[in-house]
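A.B. asks: First, the structure itself, so that you have it in front of you.
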Amino acid sequence: MPRRHDPDRRQRIIEAAIRVVGEKGLAGLSHRTVAAEADVPLGSTTYHFKTLDELLVAALRQANEGFAKAVAAYGDLDDPSTDLAAALARILGDWLSGDRTSVELEYELYLAALRRPALRPVAAEWADDLAERLARRTDPATARALAALMDGVCLQVLLTGTPYDEGYARQALARLMP
């Protein structure tokens, strides 16, 4: 029987993994549950992703794109006349007020790196990319501190259910800048 050409199968598997984690958490993730969700043979998931960690790396990398897109939407971050603290607080507000399930999923995958060392480099990418972008406006140490504070604010909003306070975030971010 000839092999069916399916160039989108790998991407469908990644998207299925993200849906499985969103619905069942990391504990519900297996090659079998992902194959069922993607409507592909089990062998397809193990062909494209030998281990669950490989699949999680791909899922986390794709999930990280949500925040990267939120940052990229603010092209004025590089403009010295832009109030950087206000712009960063606005980015967080826009991101956190968007699709809450998507944001929670990004953080669930992000925090999975605590127990899965293979995920750590990918988990660090978003903070590294943000710090690199912010270093165009401030020194590298301050840029990393700003990224860490933004991460902490997001975690607190997600974990406590406290509504995001853009004014508070702006003030906190401004305190870190020289």
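A.B. asks: Quick check for me: using +1 on Lys/Arg Cβ and -1 on Asp/Glu Cβ, what's the dipole size of the chain about its Cα centre, in debye to the nearest 20?
C.D. replies: 620
A.B. asks: Which log10 I(q)/I(0) values, to two decimals, does the range 1-147 give at q = 0.10, 0.18 Å⁻¹ under the Debye formula with one point per Cα?
C.D. replies: The calculated log intensity ratios at q = 0.10, 0.18 Å⁻¹ are -0.42, -1.02.
A.B. asks: Moving on to the next point. With a 1.4 Å probe and all protein chains left in place, how much accessible area per residue does the chain have, in Å²? Numbers along the way, then the final one.
C.D. replies: On the way: 9690 Å² over 178 residues.
With all protein chains present, the chain gives 54 Å² per residue.
A.B. asks: From Cα pairs below 8 angstrom and at least 6 apart in sequence, can you work out the relative contact order of the range 47-133, rounded to a whole percent? Each step should come with its number before you reach the end.
C.D. replies: Values: 49 pairs, mean separation 36.9, N = 87.
Averaging sequence separation for qualifying contacts and normalising by length gives 42 percent for the range 47-133.
A.B. asks: Follow-up question, since we're still on this one. Counting only protein heavy atoms, what percent of the accessible surface of the chain is carbon or sulfur at a 1.4 Å probe?
C.D. replies: 53
A.B. asks: Follow-up. Assigning unit charges at the beta carbon (Lys, Arg +1; Asp, Glu -1) and nothing else, what dipole magnitude in debye, to the nearest 20, does the range 1-99 show about its Cα centre?
C.D. replies: Here the size comes out at about 720 debye.
A.B. asks: On to the next question. Any idea which of SER44, ALA85, PHE67 is furthest toward the positive side of the dipole for the range 1-86, if Lys and Arg beta-carbons carry +1 and Asp and Glu beta-carbons -1?
C.D. replies: SER44
The values are calculated or read from the model by the stated rules, or taken from the named source; none is laboratory data. Note that the structure is a prediction, hence the values are computed from the model and not measured. Cβ atoms come from the backbone with ideal geometry, glycine included; neighbour counts cover every protein chain shown. Keep in mind that these areas ignore ligands, DNA and RNA; they rest on the heavy atoms of the full protein, side chains included. Shrake-Rupley method; radii C 1.70, N 1.55, O 1.52, S 1.80 Å.
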